[in-house]
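The values are calculated or read from the model by the stated rules, or taken from the named source; none is laboratory data. Computed from a prediction, not measured in an experiment: that's the story for all the values here. Backbone-built Cβ (ideal geometry, glycine too); neighbour counts: all protein chains shown.
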Amino acid sequence: MTSFSSDTAFLWLDGSVVSVDDAAIYPSDRGFLLGDGLYETFRVSGSSAPHLDLHWARLKQGCDLLRMTAPEKKRVEQALRQLCDINQLEEGSARLTITRGTGPRGLPPPANPRPTVMLTLNSLSRSEPTPARVMISSHRRDSHSILNRIKSTNALASILARIEAVEQKADDALLLNERGMIAETTAANFLALWNGQIVTPFTQDGALPGISRQRLIEAGLCSQASLSPADLTAFKGGWLVTALNLIPICQIGSVRIPLCPDRTRMLRHFLY
């Protein structure tokens, strides 16, 4: 059995609240062995998730794509309230992880899988993040991959790109697609202030359909555009955006990116 770590004392696993020290999965779990699963990370405030419906829609699409059964939303909401109460967490983040469960050796899934479902909580720092220095990764993101639509538990490409960033003393890495267009960073959507507008790469260029990204587009605060490294010198601002945070970018490669505190405050106020 494999144990977990968390900065809260209890998690929810397959219908039960258990201590982090006692939580375990089976060695034959396909998520552990093959990365056969997906997850959603969302902000928690007052024992609930403000934008859970949007996350749940993407989760359901991901489960349908992987031919897995999604858990009941009401059951997860009840579990979230339980965990927030027992962990005494008012503000933080939650991660819902779903794998196909245990299975026989090999790639073919079992005929009647029983998914493993785990919900964990973490606290969030209240301090504003330091502006990020970003490099352009040598690794590429396949814009045609259907896995770009989901939060897959297999994140090896992003892990390798982040290792590359650390080796170059950068905070994160931009991933380009096979045509050399900007897709996203290792764990966030990319925003740029370009030609007077805030823009983000198209999903067709390999960007994950992020929830904060979706909200900004629907509110008219951001539009989509195809961006290339040749456009860097024209950027008048840049950000990394997730469901949990917005981080301004101060440098991409050797190009300095202006900080835009007013725009940053506006985006944070809308998102969080």
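Only one entry of Arg95, Arg105 meets the criterion of being among the charged types (D, E, K, R) and either modelled with pLDDT of 95 or more or assigned to a strand (DSSP E or B) (or both), and that entry is Arg95.
Here Ile217 meets the list (1) crowded, with 19+ Cβ neighbours inside 10 Å; (2) more than 20 Å from Ala155 (Cα to Cα); (3) within 20 Å of the chain's Cα centre (by Cα) almost entirely, failing just condition (1). One residue stands out in the stretch 139-166 among those that are in a helix (DSSP H, G or I), of a type outside the set (Lys, Arg) and touching a helix residue (DSSP H, G or I) at 6+ places or on another chain (Cβ under 8 Å): the one that is surrounded by the most Cβ atoms within 10 Å (Cβ to Cβ), namely Asn148.
From the list Arg95, Arg126, Arg43, exactly one residue is within 22 Å of Ala243 (Cα to Cα), within 21 Å of the chain's Cα centre (by Cα) and exposed (fewer than 13 other Cβ atoms within 10 Å of the Cβ). Which is it?
Numbers: Arg95 fails: exposed (fewer than 13 other Cβ atoms within 10 Å of the Cβ); Arg43 fails: exposed (fewer than 13 other Cβ atoms within 10 Å of the Cβ).
Result of the check over Arg95, Arg126, Arg43: Arg126.
All conditions in (1) assigned to a loop (DSSP other than H, G, I, E, B); (2) over 17 Å from Ser143 (Cβ atoms) hold for Arg179, with the sole exception of (2). Total residues in the stretch 107-162 satisfying the condition of being touching a Pro at 6+ places or on another chain (Cβ under 8 Å) and small (Gly, Ala, Ser): the figure is 1. Being more than 24 Å from Arg95 (Cβ to Cβ) and either at pLDDT below 95 or not acidic (Asp, Glu) (or both) is a condition met by no residue of the stretch 145-156. Taking the conditions exactly as written (touching a residue at least 24 places away in the same chain (Cβ under 8 Å), surrounded by 15 or more Cβ atoms within 10 Å (Cβ to Cβ) and basic (Lys, Arg)), does Arg58 satisfy them or not? Yes: the conditions hold for Arg58. Whether any residue in the stretch 167-187 is in contact (Cβ under 8 Å) with a residue 40 or more places away in the chain, more than 30 Å from Arg75 (Cβ to Cβ), loosely packed, with under 15 Cβ neighbours inside 10 Å and not hydrophobic (A, V, I, L, M, F, W, C) is what I want to check. The answer is yes, given that some residue of the stretch 167-187 is in contact (Cβ under 8 Å) with a residue 40 or more places away in the chain, more than 30 Å from Arg75 (Cβ to Cβ), loosely packed, with under 15 Cβ neighbours inside 10 Å and not hydrophobic (A, V, I, L, M, F, W, C).
Pairing each residue of the stretch 135-156 that is under 15 Å from Glu178 (Cβ atoms) with any residue that is of a type in the set (D, E, K, R) and in a loop (DSSP other than H, G, I, E, B), provided the two are 6+ apart or on different chains, yields C-beta distances under 7 Å for Arg140/Glu178; Asp142/Glu178; Ser143/Glu178. Within the stretch 197-228, the set of residues being in a loop (DSSP other than H, G, I, E, B), over 17 Å from Leu176 (Cα atoms) and touching a Leu at 6+ places or on another chain (Cβ under 6 Å) comprises Cys222 only. Scan the stretch 229-252 for residues that are assigned to a loop (DSSP other than H, G, I, E, B) and either loosely packed, with under 14 Cβ neighbours inside 10 Å or not small (Gly, Ala, Ser) (or both) and the total you get is 3. Among the residues of the stretch 11-40, those identified as surrounded by fewer than 20 Cβ atoms within 10 Å (Cβ to Cβ), in a loop (DSSP other than H, G, I, E, B) and more than 19 Å from the chain's Cα centre (by Cα) are Asp14, Gly15, Val20, Asp21, Asp22, Ala24, Tyr26, Pro27, Ser28.
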